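Down below is the structure, laid out as structure tokens.
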Amino acid sequence: MNSTTIITIAIATLAVLGLGGVLTASRRADIKGVGSLSRETKKRDRNAAKVARNSTRDAESQGAVSRNAVAVMPPPEIETWVAPDAEALGESRRAFLNRATVTLMSASLGGFAAALIAFLWKGAEGGFGSKINAGKIDDVIGQIRSGGGFLYLPEARSWITEYPKEAIAKAEVVYGNQGAVFTGMNAGVVALYQKCPHLGCRVPECSSSQWFECPCHGSQYNRVGEKKGGPAPRGMDRFGVSVDNGMLVIDTGTVFGGPPIGTNTTGQEAEGPNCVGASGDH
């Protein structure tokens, strides 16, 4: 191949490459021209985006400030402190203590007065603790005998039994210092308090032995209330008795202590089987 041919081929190649470059550049220009924005438009878009970003940033800053903001209340009005009057304060304490003392004393005295009035009123109306009219002495003795040797008066809380005339001399030695009790014995009766001197149980009669026999702890007393057995510390307590115009009056306002252990002015022993335990147990 000669040099002319080579040159010709080189020129042809360059021509083809140049034509390809021109076609490519024109195509790029066409593509770039379709839907492309001008410089002014792009500048306006950049300015608008910047304004939008600034607005968003300002809005976020304002929201953060509003969220973190704390409401500030106006300071309250404070009154000037004035120290209390020491004398007035002391007077208030004294007044309180005085009133409390007077109130407590008044309540105590009122309760005592109410109890006293209730007791006196009860005695005045003829209840237990007053003088109780049991009826004609002859009728009372008749009821004792018809009742098997015992008569119970619930309003007087006492047992009425007959005291034998032949035992008066012995009774005077034991009961002579209990004038009202001995007066009743002279009239032929004795009024015995229903409570057992041991622990206060109500003592019933035992019709078989003709004694009083306590079911609580077995204390036993003869028909006139003198101790015969059991743990009682003495005989049955009793009330004073008076006879006014043939009427038997029992004074339940005063209780006389029963006779000491070993007293047996009537000599009465058990007249039949005991209702509680055995006789003579101490």
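The table for this structure:
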quantity: Criterion violated by GLY253 - all others in (1) part of a strand (DSSP E or B); (2) closer than 22 Å to GLU269 by Cα; (3) of a type outside the set (Lys, Arg); (4) touching a helix residue (DSSP H, G or I) at 6+ places or on another chain (Cβ under 9 Å) satisfied; calculated: (2)
quantity: Subset of region 196-217 (residues that are more than 37 Å from the chain's Cα centre (by Cα) and loosely packed, with under 15 Cβ neighbours inside 10 Å); calculated: SER207, SER208
quantity: Subset of region 255-282 (residues that are of a type outside the set (A, V, I, L, M), at pLDDT 90 or above and surrounded by fewer than 16 Cβ atoms within 10 Å (Cβ to Cβ)); calculated: GLY257, PRO260, GLY262, GLY267, GLU269, GLU271, GLY272, PRO273
quantity: Residue check, SER242 farther than 25 Å from GLY129 by Cβ, small (Gly, Ala, Ser) and touching a residue at least 40 places away in the same chain (Cβ under 8 Å); calculated: no
quantity: Hey, GLN220 touching a strand residue (DSSP E or B) at 6+ places or on another chain (Cβ under 7 Å) and modelled with pLDDT under 90 or not; calculated: no
quantity: Some residue of region 256-275 being of a type in the set (A, V, I, L, M), touching a residue at least 24 places away in the same chain (Cβ under 8 Å) and in a strand (DSSP E or B); calculated: no
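Let's see how each residue does on (1) within 27 Å of ASP139 (Cα to Cα); (2) among the hydroxyl-bearing types (Ser, Thr, Tyr); (3) touching an Asp or Glu at 6+ places or on another chain (Cβ under 8 Å):
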site	(1), (2), (3)
THR183	yes, yes, no
ALA191	yes, no, no
VAL203	yes, no, yes
GLY229	no, no, yes
GLY258	yes, no, yes
THR265	yes, yes, yes
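The values are calculated or read from the model by the stated rules, or taken from the named source; none is laboratory data. For clarity, every value in this text was computed on a predicted model and none was experimentally measured. In this analysis, Cβ positions are derived from the backbone assuming ideal geometry, glycine residues included, and neighbour counts consider all displayed protein chains.
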